[in-house]
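*Asks:* Here's a structure for you.
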Amino acid sequence: MKLQWFWHFLPCCFLLPVLMPVEAEQHVFDVTIWPENPVVEHGGSLWLNCSTSCQEADARGGLETSLMKEKKDNGSHWAVFQFVNITEWASATECSFSCYGEHKSVQANIMVYQIPEHVMLDPVPIMEVGKAYNLTCRVANAAPIQLLTVTVYKGTEKLHVETFENHTAPEARDIRVTFPITAQQDNHMEEVTCHVALDLRPRGQLLEKTSFSEVLKVFDFRADPHLHTLRYVPASANLSVTCEIAGVFPAEEAQFDLKFAEQRLNASITLSGNTVRAQAQVSSLATGNYQLNCTVSLGPVTKSAVETVHIYSLPQPSLEIHPSEALANNPVTVLCNSSAPEPPSFSLQIQNASGGILASGDEFPLQLNLTAQEEDNGQEFVCVVELEIDGVTMTKHTSATLTVF
């Protein structure tokens with residue numbers, strides 16, 4: 001902006017009674033501007049008083065400025081000016097007087113400030129324990145930056161303080177302060193705020209502004225969930241299922257989704273320290289192979305455990321001894337049978353009481369022919385049906401006793 005001169009003739013005596021002893025041929029005078037170090041908000045207005053102690057009746061003075069002047073008033077050896085809509089961050093304002101041919105001037109050191117339009121913290125993600133994250137505070141349109149102090153608080157604890165003494169530009173600008181934080185369990189549900197202080201003292205006020213708080217959320221979910229259940233279950237039985245996750249934080253916030261054959265189970269949740277368990281029962285089981293799935297979610301992390309459960313049908317076998325009461329040296333037939341499907345999954349065995357195999361095969365029924373001896377009296381025969389699934393053998397058995405006379 002072009003500098004302007006505002007001159008006026010000051011004919012009488014100086015309004016402010018500043019009298020100084022002078023000799024006949026020496027004229028000592030002062031030029032003052034008040035306030036000398038004014039502070040004004042950007043876009044605001046300001047009054048400046050320009051005066052002199054000169055005793056010359058027709059001393060002339062004026063104000064050189066780049067600011068917009070709206071009003072002025074003057075008296076003997078003084079003048080006041082009002083400046084409006086001050087938007088220059090670095091303005092030049094100089095008060096000058098000439099007294100008995102000598103010229104003197106003084107400048108006003110005007111500070112223009114801007115209260116931050118807003119102070120805000122960037123949203124903080126849900127944090128995983130042990131990992132580093134950035135807390136970012138944004139201050140919009142503040143000046144002078146050199147006088148700003150930005151403090152990041154966790155509760156009442158100061159996490160970070162940043163100042164800008166080396167920032168000499170007077171203009172308003174946006175600033176960003178970033179502070180790294182490593183997530184810990186004790187950070188969970190703590191409130192974080194960003195506080196900004198614009199310290200204009202001693203020339204002006206201490207202006208402060210604080211952001212809305214951000215609540216820190218922390219989780220710890222490093223282990224995988226584990227399923228505890230039987231993998232081979234007879235169709236007539238109920239299946240108990242437990243899904244467990246240990247070492248989680250906060251344990252009470254763990255979410256479980258427990259499914260059997262794509263059907264969601266109604267699970268009960270129990271807590272024990274940092275271990276969480278989901279338990280459920282499955283009934284009315286039909287034969288087949290089914291997938292049991294446990295999905296656990298905590299914070300942004302989801303983990304799953306999967307097991308295949310085999311539901312099988314294995315009917316009780318039957319054992320017949322013909323005749324069950326025989327005379328010594330007479331023939332006896334032992335029949336082992338089952339209503340289970342035939343091979344390759346199933347097989348039959350006839351065993352003695354000590355587990356010795358007397359006959360085996362995959363033909364139904366399985367027959368054992370023998371000649372009764374006196375020592376066979378009271379002998380127990382056992383019919384065993386076996387079902388093999390993925391190398392695992394399930395069995396059922398029935399026994400009967402031979403009587404020999």
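*Asks:* Is at least one residue of region 43-62 of a type in the set (A, V, I, L, M), in contact with a strand residue (DSSP E or B) (Cβ under 8 Å, 6 or more places away or on another chain) and in a loop (DSSP other than H, G, I, E, B)? Steps first, please.
*Replies:* Restricting attention to region 43-62, the residues satisfying the condition of being of a type in the set (A, V, I, L, M) are 46, 48, 57, 59.
Add one more test, that the residue is in contact with a strand residue (DSSP E or B) (Cβ under 8 Å, 6 or more places away or on another chain), and what stays is 46, 48, 59.
Within this subset, residues satisfying the condition of being in a loop (DSSP other than H, G, I, E, B) are 59.
Scanning region 43-62 turns up at least one residue that is of a type in the set (A, V, I, L, M), in contact with a strand residue (DSSP E or B) (Cβ under 8 Å, 6 or more places away or on another chain) and in a loop (DSSP other than H, G, I, E, B).
*Asks:* Could you please find all residues in region 367-405 being at positive phi and aromatic (Phe, Trp, Tyr)?
*Replies:* Going through region 367-405, the residues at positive phi turn out to be 378, 390-391.
Listed by number, the list is empty, since nothing qualifies.
*Asks:* Here are some conditions: (1) free of Cβ contacts under 8 Å to residues at least 60 places away in the same chain; (2) among the charged types (D, E, K, R); (3) under 22 Å from residue 86 (Cβ atoms). Residue 171 meets all but one. Which one does it not meet?
*Replies:* Unmet for residue 171, out of (1) free of Cβ contacts under 8 Å to residues at least 60 places away in the same chain; (2) among the charged types (D, E, K, R); (3) under 22 Å from residue 86 (Cβ atoms): (1).
*Asks:* Also, quick follow-up: Return the pair list, or none, for Cβ contacts closer than 6 Å from residues in region 69-85 that are surrounded by 13 or more Cβ atoms within 10 Å (Cβ to Cβ) to residues that are modelled with pLDDT of 80 or more and assigned to a loop (DSSP other than H, G, I, E, B), at least 6 apart or on different chains.
*Replies:* So the pair list comes out as 83/67; 84/45; 84/68.
*Asks:* Still on this structure, I have one more. Of 339, 345, 284, which residue is closer than 24 Å to residue 397 by Cβ, without any contact (Cβ under 8 Å) to a residue 40 or more places away in the chain and not hydrophobic (A, V, I, L, M, F, W, C)?
*Replies:* Answer to the selection: 339.
*Asks:* When only residues in region 229-240 that are surrounded by 14 or more Cβ atoms within 10 Å (Cβ to Cβ) and not in a loop (DSSP other than H, G, I, E, B) count, which is farthest from the chain's Cα centre (by Cα)?
*Replies:* Selected residue: 234.
*Asks:* I would also like to ask the following. For region 215-228, enumerate the residues that are surrounded by 16 or more Cβ atoms within 10 Å (Cβ to Cβ) and either assigned to a loop (DSSP other than H, G, I, E, B) or in contact with a Cys (Cβ under 9 Å, 6 or more places away or on another chain) (or both). So that I can check it myself, show each step before the final result.
*Replies:* Of all residues in region 215-228, those surrounded by 16 or more Cβ atoms within 10 Å (Cβ to Cβ) come to 216-221, 225, 227.
Once the filter is applied, which keeps residues that are surrounded by 16 or more Cβ atoms within 10 Å (Cβ to Cβ) and either assigned to a loop (DSSP other than H, G, I, E, B) or in contact with a Cys (Cβ under 9 Å, 6 or more places away or on another chain) (or both), region 215-228 yields 216, 217, 221, 225, 227.
*Asks:* From the list 140, 197, pick out the single residue that is within 30 Å of residue 44 (Cα to Cα) and either loosely packed, with under 15 Cβ neighbours inside 10 Å or touching a Pro at 6+ places or on another chain (Cβ under 9 Å) (or both).
*Replies:* Working: 197 fails: either loosely packed, with under 15 Cβ neighbours inside 10 Å or touching a Pro at 6+ places or on another chain (Cβ under 9 Å) (or both).
Matching residue, one of 140, 197: 140.
*Asks:* Next up: Select from region 167-189 the residues that are closer than 19 Å to residue 119 by Cβ and of a type in the set (Asp, Glu) and write down the one among them that is surrounded by the fewest Cβ atoms within 10 Å (Cβ to Cβ). Working first, answer last.
*Replies:* In the first step, residues of region 167-189 are kept if they are closer than 19 Å to residue 119 by Cβ; the result is 167, 171-179, 181.
Subsequent filtering for residues that are of a type in the set (Asp, Glu) retains 171, 174.
Values: 171: 14, 174: 12.
Among those residues, the one meeting the criterion is 174.
*Asks:* All but one of (1) of a type in the set (Phe, Trp, Tyr); (2) buried (at least 18 other Cβ atoms within 10 Å of the Cβ); (3) without any contact (Cβ under 8 Å) to a residue 40 or more places away in the chain hold for residue 164; which doesn't?
*Replies:* Condition (2) is where residue 164 drops out.
*Asks:* A further question on this structure: Filter region 384-405 for residues that are under 20 Å from residue 230 (Cβ atoms) and of a type in the set (Val, Ile, Thr); which is surrounded by the most Cβ atoms within 10 Å (Cβ to Cβ)?
*Replies:* Among them, the one singled out is 385.
*Asks:* Given the criteria among the aliphatic types (A, V, I, L, M) and either free of Cβ contacts under 8 Å to residues at least 40 places away in the same chain or in the same structural domain as residue 124 (by the TED database) (or both), does residue 241 qualify?
*Replies:* Working: among the aliphatic types (A, V, I, L, M): yes; either free of Cβ contacts under 8 Å to residues at least 40 places away in the same chain or in the same structural domain as residue 124 (by the TED database) (or both): no.
No; evaluated as a whole, the condition is false for this residue.
*Asks:* Say we look at region 26-43 and pick out the residues that are polar (S, T, N, Q) and closer than 17 Å to residue 80 by Cα; which of these is surrounded by the most Cβ atoms within 10 Å (Cβ to Cβ)?
*Replies:* 32
*Asks:* Residues of region 181-204 being over 16 Å from the mean Cα position of the chain (by Cα) and either without any contact (Cβ under 8 Å) to a residue 24 or more places away in the chain or assigned by the TED database to the domain that holds residue 40 (or both), which ones? Give the steps one after another, and end with the answer.
*Replies:* Filtering region 181-204 down to residues over 16 Å from the mean Cα position of the chain (by Cα) leaves 194-204.
Result: 201, 202.
*Asks:* Mind listing whichever residues of region 260-280 are farther than 30 Å from residue 189 by Cα, touching a residue at least 24 places away in the same chain (Cβ under 8 Å) and either among the basic types (Lys, Arg) or surrounded by 13 or more Cβ atoms within 10 Å (Cβ to Cβ) (or both)?
*Replies:* 260, 261, 265, 280
*Asks:* What number goes with the only condition from (1) outside the structural domain of residue 152 (by the TED database); (2) closer than 30 Å to residue 219 by Cα that residue 95 does not pass?
*Replies:* The number of the failed condition is (2).
The values are calculated or read from the model by the stated rules, or taken from the named source; none is laboratory data. Predicted, not measured: the structure shown is a model, and the values here were computed from it. Note that each Cβ is placed from the backbone with ideal geometry, even for glycine, and that neighbours are counted across all protein chains shown.
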